[in-house]
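Working notes for the structure below.
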Amino acid sequence: MKFSKATNYALHTMLILVAASPGKPVGVQQLAEFQKVSPTYLSEILTKLVKAGMIESASGAQGGYRVSRAKDQISFLDIIQAIEGTASLFECDSGHDPDCLIRQVMLEAERQMEQHLKRTTIAELAKKAPIHLD
């Protein structure tokens, strides 16, 4: 199982923003440099996180991005779904009906993974991994 690089950057971006000083926006350039990624590419990811209601942008000289909802209510699953969507990871394409035994096993595994990701918040991780932006 593999998530896209966009999900990797989204998770790291959210960790940085949650760990940053409350209310103080972090610029896209600073976020991009910290992760060694293109600011243009990261901007696309940030747009998805804004649309999902997790962050907001602040314009102006001191502008950037900041968390827009309670940090302890942002789960890993929220972030992943903002980037990847909610479609199932496994699709049974062999022409079987919904009772396909393989599909049932895969969906149960996915359900368990989603429950774990839903219970785990980015704020919990931020407490364990302090981020220092220069």
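Overview of values
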| quantity | calculated |
| --- | --- |
| Residue within the range 29-41 that is out of contact with any Phe, Trp or Tyr (no Cβ under 8 Å at 6 or more places or on another chain) and of a type in the set (Phe, Trp, Tyr) present | yes |
| Single unsatisfied condition, ASP99 versus (1) over 16 Å from ILE122 (Cα atoms); (2) modelled with pLDDT of 85 or more | (2) |
| When residues of the range 23-43 are limited to those that are touching a residue at least 12 places away in the same chain (Cβ under 8 Å) and not in a helix (DSSP H, G or I), the one nearest to ALA70 (Cα to Cα) | GLY23 |
| Residue in the range 1-14 that is surrounded by the most Cβ atoms within 10 Å (Cβ to Cβ), counting only those that are at pLDDT 95 or above and of a type in the set (A, V, I, L, M) | MET14 |
| Conditions (1) farther than 19 Å from GLU124 by Cβ; (2) assigned to a helix (DSSP H, G or I); (3) free of Cβ contacts under 8 Å to residues at least 40 places away in the same chain; number of the one not met by ALA6 | (3) |
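The values are calculated or read from the model by the stated rules, or taken from the named source; none is laboratory data. Please read all numbers here as calculations on a predicted model, not as lab measurements. Cβ atoms come from the backbone with ideal geometry, glycine included; neighbour counts cover every protein chain shown.
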